[in-house]
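Dumping the structure here so I can ask a few things about it.
The values are calculated or read from the model by the stated rules, or taken from the named source; none is laboratory data. These numbers were taken from a predicted model, which means no experiment stands behind them. Here Cβ is always computed from backbone atoms with ideal geometry, including for glycine, and neighbour counts include all displayed protein chains. The area values use the complete protein model at the heavy-atom level, side chains included, leaving out ligands, DNA and RNA. Shrake-Rupley method; radii C 1.70, N 1.55, O 1.52, S 1.80 Å.
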Amino acid sequence: MSAKNSVMVFIEQNNSKVADVSLELVSEGKKLADKLGVALDAVAIGYNLEKEVEVLGHYGCNTVFYINDERLSHFTSVPYAKTIVEIIKKHEPQIVLFGATTTGRDVAPRVASELKCGLTADCTELQIGEYKLKSKVYKNTLLQIRPAFGGNIVATIVSPESMPSMATVREGVMKMAEPDTSKEVELVSEKCGLDDSDFMTEVIEVMIEEKNVDLKSANIIVSAGMGAATPEGLELVKKLANTLGGEVGASRPVVDSGIIDRDHQVGQTGLTVRPNLYIACGISGQIQHRAGMAEAKRIIAINNDPDAPIFNIAHYGIVGDVNDIINRMIKAYKARA
Amino acid sequence: MSLQIIVMVKQVPDTHNVSGDAMKPDGTVNRAVLPAIFNPEDLNALEEAIKIKETIGGKITAITMGPPNAVKILKECLYRGVDDVVLVSDRKFAGADTLATSYALKCAIEKVEKYDLVLCGRQAIDGDTAQVGPQIAEKLNINQLTCVSEIVEVNETDITIKRSIENGHEFLKSNMPVLLTVTNEANEPRTPSAKLAVAYKNISGKTSDESYDDEYLESGIDDPISYIKEWNVESINADPQLCGLSGSPTKVKKVQSVVLTASDVKQIQNTDEGIAELINELTEEHIIG
Ligand SMILES: Cc1cc2nc3c(=O)[nH]c(=O)nc-3n(C[C@H](O)[C@H](O)[C@H](O)COP(=O)(O)OP(=O)(O)OC[C@H]3O[C@@H](n4cnc5c(N)ncnc54)[C@H](O)[C@@H]3O)c2cc1C
Ligand SMILES: Cc1cc2nc3c(=O)[nH]c(=O)nc-3n(C[C@H](O)[C@H](O)[C@H](O)COP(=O)(O)OP(=O)(O)OC[C@H]3O[C@@H](n4cnc5c(N)ncnc54)[C@H](O)[C@@H]3O)c2cc1C
């Protein structure tokens with residue numbers, strides 16, 4: 001059964017499928033809930049999602065509060081915010097997590113404003129810990145760690161007296177747990193208390209642009225930076241990715257220059273990836289790029305400047321011309337024993 | 001009747017051009033070497049406001065909350081065609097998180113009385129939260145449209161916009177009043193007008209509240225203003241308890257500058273042998289197949 005003081009996750013959906021970021025948050029929320037000895041709940045809003053939300057159980061969710069209404073099939077700010085506020089007031093969780101997506105970052109501030117509680121933006125790490133303010137000690141507080149200031153600083157933020165403590169969490173940074181299909185989630189239907197006048201936004205059209213690359217699930221990513229942004233360099237990057245069975249990534253200036261689609265951008269304003277192997281070709285390694293790839297299991301940096309910052313986070317460094325080195329890598333791979 | 005547009009603008013340190021000594025290791029900022037600039041996406045919001053004024057008419061008021069030297073960006077607003085500007089400044093606002101910031105800004109907006117459109121930048125480049133816009137909308141009890149990459153159609157009663165989302169975009173329509181947060185995809189902001197820059201060069205602030213004349217707002221919008229309005233906690237009728245540090249549920253526990261830690265990088269020789277060895281090592285570890 002549901003209980004107060006839980007950790008709660010807002011479930012986002014894309015075309016009636018639970019979004020990856022929500023499964024990441026359920027996985028992470030479960031860890032926090034276990035540390036606190038409380039339940040992990042979720043709130044799902046939409047239309048005909050009963051079957052879809054079953055997957056939440058596999059990732060450790062105990063109870064999902066579900067609001068089913070045709071008018072809620074597509075996200076709009078006010079109806080979603082009001083619905084979430086009602087659920088929070090009724091079930092009194094101590095922590096509420098949202099994905100730091102265009103949906104989460106739209107609705108979470110509105111919810112926090114109405115409840116007058118603290119909201120930490122775009123977190124990349126969450127912990128349970130202690131916070132001391134003068135003589136007061138707050139135990140079992142949510143420590144919310146986030147980059148700010150254009151990525152130049154990392155701040156740990158707490159909302160010690162806020163009930164609940166709320167955070168949006170960057171997509172791709174929390175690990176999805178291994179699903180356990182034997183575990184079931186309890187579905188609790190909740191009433192939708194909205195008036196037609198709450199639906200202030202008319203959704204005229206939604207255009208989904210099919211992505212032609214799936215960097216997030218790639219095991220190997222070969223990324224082009226400005227040092228590989230020549231026609232020849234980019235061809236070689238693609239060839240190496242093809243040879244290794246990986247995908248092509250890029251730094252932002254390469255994307256901005258128009259020679260590759262934005263779907264390929266890795267970094268703070270692009271995707272956060274954690275492949276087994278990341279090959280950075282002619283990438284200097286500025287902080288905003290590193291934010292998206294520093295957690296790759298193996299990083300190979302190729303750069304003709306031995307002092308390039310990328311070498312500080314790489315596991316393997318090769319100093320030299322990018323075209324030269326990629327040619328050698330392709331040759332060596334094909335010649336493998 | 002013409003549209004009343006309010007643009008929210010913030011002065012920020014130029015965090016996108018941080019050089020060597022701008023950040024101290026403890027995460028504090030060496031403000032002397034980091035110039036204060038107009039928050040980039042607020043210029044995009046301002047540009048949309050000016051475009052609306054040019055096409056269907058309207059009056060634009062720019063509001064900023066910040067220290068006295070934030071008048072610099074208000075002047076920038078005037079140079080670009082804004083009709084009226086307000087500096088909200090008071091020590092009591094210091095240390096505000098987004099909840100306390102949006103509360104103060106909501107009080108300031110309500111003092112302007114009538115508004116149809118409130119335009120914000122999507123995100124400020126220092127706090128980087130993108131929370132203030134939606135929180136102001138909630139506090140004003142009006143609708144919000146975030147991540148606006150284009151204003152498709154606007155008239156005196158409603159607005160249609162394009163909103164950028166992860167896997168595409170959506171077209172949304174709302175009645176006024178409504179708050180928008182505008183992204184840098186929306187436009188290329190214009191440069192200031194030389195003529196206006198001359199006209200407003202010596203404009204300065206005036207705090208006395210008696211000088212604030214309500215009728216002024218309704219008066220001919222072609223009359224250039226003669227001073228920058230300065231409001232404080234009392235003049236916007238804000239509860240000091242809900243402002244600044246005391247009105248902020250979030251607290252900063254720790255800040256760190258991001259410094260690179262040199263890992264034990266393995267140097268691979270750029271030779272056929274060196275690279276063949278690397279490929280073999282990765283193959284043995286099943287990193288590559
Ligand atoms: C708010 C903000 C968000 C940002 N978000 C992102 C983001 O999401 N992703 C991102 O990538 N960036 C982002 N940036 C930009 C980031 O700061 C850097 O400017 C960018 O990552 C640099 O890209 P680069 O390494 O490709 O280019 P550069 O910094 O120009 O580096 C090129 C490198 O190639 C090397 N090189 C040149 N020629 C050769 C050669 N022939 N052989 C080998 N090496 C060579 C050079 O030594 C150099 O190190 C953001 C910036 C800001 C302010
Ligand atoms: C390192 C660091 C981390 C922080 N983290 C958090 C956090 O996680 N949660 C939190 O609640 N607070 C946080 N804060 C505090 C927060 O930055 C301030 O409350 C700030 O005043 C508003 O937030 P922002 O800069 O993120 O603005 P955003 O919400 O990103 O700004 C969006 C838009 O709102 C308008 N706007 C914002 N501020 C003003 C203003 N002063 N005057 C006029 N218009 C304005 C502008 O149009 C702007 O483009 C943090 C501060 C720092 C320094």
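With springs only between Cα atoms under 10 Å apart, run a GNM on chain A and tell me which of A:293, A:207, A:166 wobbles the most.
Of A:293, A:207, A:166, the most mobile in the Gaussian network model is A:207.
Need one number: nm distance between label points at residue A:71 and residue A:256, each 7 Å from Cα along Cα→Cβ, rounded to one decimal.
According to this spin-label approximation, the distance is 4.4 nm.
Here's another thing I want to ask about it. How big is segment A:198-337 on each of its three principal axes, counting only the C-alpha atoms and giving the largest first in Å?
Dimensions of segment A:198-337 along the principal axes of its Cα atoms: 63, 30, 28 Å.
Picking from B:241, B:152, B:141, whose Cα lies most toward the positive end of the charge dipole for the protein assembly as shown (charges on Cβ: Lys, Arg +1; Asp, Glu -1)?
B:241
Residue B:24: which aspartates and glutamates have alpha carbons under 14 Å from its alpha carbon, excluding same-chain residues fewer than 8 sequence positions away?
Of all the aspartates and glutamates, none pass the test against residue B:24 - Cα under 14 Å, at least 8 places apart if same chain.
Let me ask another. What distance in nm separates the two pseudo spin-label positions at residue B:155 and residue A:17, each 7 Å out from Cα along the beta-carbon direction?
4.0
Moving on to the next point. Counting only other residues whose beta carbon sits under 12 Å from that of residue B:253, what net charge do I get with K and R as +1, D and E as -1?
Taking every Cβ under 12 Å from that of residue B:253, the sum is +3.
Out of segment B:117-196, which trypsin sites (Lys or Arg not before Pro) are coil in DSSP terms and have no more than 15 other C-beta atoms within 10 Å?
Sparse-neighbourhood loop trypsin sites (Lys or Arg not before Pro): B:190.
Please report Rg (one decimal) and Dmax (integer) in Å for the Cα set of segment A:37-160.
Cα-based Rg and Dmax for segment A:37-160 come out at 16.1, 51 Å.
For the protein assembly as shown, what is the calculated [θ] at 222 nm in deg cm²/dmol (nearest 500), taking -39500 (n - 2.57) for each run of four or more DSSP H residues and dividing by its residue count?
After summing the helix terms and dividing by residue count, I get -7500 deg cm²/dmol.
Just to be sure I understand the interface: list residues from segment B:234-260 that lose 10 Å² or more of accessible area between the chain on its own and the complete protein assembly, 1.4 Å probe.
Residues losing area: B:249, B:250, B:251, B:252, B:253, B:254, B:255, B:256, B:258, B:260.
Between their Cα atoms, which of A:139/B:139; A:90/B:251; B:114/B:201; A:17/A:216; A:4/A:90 are more than 20 Å away from each other?
Going by Cα-Cα distance, A:139/B:139; A:90/B:251; B:114/B:201 fall outside the 20 Å limit.
OK, next. Can you find, among A:72, A:311, A:102, the residue sitting farthest towards the positive end of the charge dipole of chain A, where Lys and Arg contribute +1 and Asp and Glu -1 at Cβ?
Value computed over the given set: A:311.
Hey, what's the Cα Rg ratio for chain B versus the globular rule of thumb, 2.2 N^0.38 Å?
Dividing the Cα radius of gyration by 2.2 N^0.38 Å gives 1.23.
How high is the FRET efficiency between residue B:175 and residue A:207 when r is their beta carbon distance and R₀ equals 30 Å, given to the nearest 0.05?
0.85
Short version: what are the Cα gyration tensor semi-axes of segment A:159-209, square root of 5 times each eigenvalue, largest first, in whole Å?
Each semi-axis is √(5λ); the values are 29, 22, 20 Å.
Might you report the magnitude of the Cβ-based charge dipole of segment A:7-198 about its Cα centre, with Lys and Arg at +1 and Asp and Glu at -1, to the nearest 20 debye?
Computed about the Cα centre, the dipole is about 920 debye.
About its Cα centre, what dipole magnitude does the protein assembly as shown give when the only charges are +1 on Lys and Arg Cβ and -1 on Asp and Glu Cβ, stated in debye to the nearest 20?
About 1760 debye.
I've got another one for you. Relative to a virtual label point 7 Å from the Cα of residue A:127 in the Cα→beta-carbon direction, which members of segment A:271-304 show backbone nitrogen distances below 19 Å?
A:295
Further, regarding this structure: Only Lys, Arg, Asp and Glu count, each charged at its Cβ (+1, +1, -1, -1), so figure out the dipole size of chain B about its Cα centre, rounded to 20 debye.
Working: 28 positive and 45 negative charges, 180 e Å.
It works out to roughly 860 debye.
For the protein assembly as shown, what does the equivalent ellipsoid look like in terms of its semi-axes, each the square root of 5 times an eigenvalue of the Cα gyration tensor, given largest first in whole Å?
Semi-axes (√(5λ), whole Å): 42, 31, 24.
Here is a follow-up. Given a Förster distance of 30 Å, report the FRET efficiency between residue A:226 and residue B:269 from their Cβ-Cβ distance, rounded to the nearest 0.05.
It comes to 0.75.
OK, next. From the residues B:197, A:257, B:287, which one has its Cα farthest along the dipole of the protein assembly as shown in the positive direction, the dipole being from +1 and -1 charges on Cβ of Lys/Arg and Asp/Glu about the Cα centre?
Projecting each Cα onto the dipole axis, the largest value belongs to B:287.
Moving on. At a Förster radius of 35 Å, what calculated FRET efficiency corresponds to the Cβ-Cβ distance of residue B:256 and residue B:198, to the nearest 0.05?
Computed FRET efficiency for residue B:256 and residue B:198 comes out at 0.15.
Just to confirm my numbers, what's the Cα centroid distance between segment B:128-156 and segment A:227-300 in Å?
Centre-to-centre distance over Cα atoms comes out at 33 Å.
Next up: Buried accessible area for the B:A pair, summed, 1.4 Å probe, in Å² rounded to 100?
6500
Please give the net charge around residue A:150, taking every other residue with its beta carbon less than 11 angstrom from that of residue A:150, where Lys and Arg add +1 and Asp and Glu add -1.
Value of the local net charge: -3.
Continuing with this model, one more query. In the neighborhood of residue A:212, defined by Cβ-to-Cβ distances under 14 Å, what is the net charge if each Lys or Arg adds +1 and each Asp or Glu adds -1?
-2
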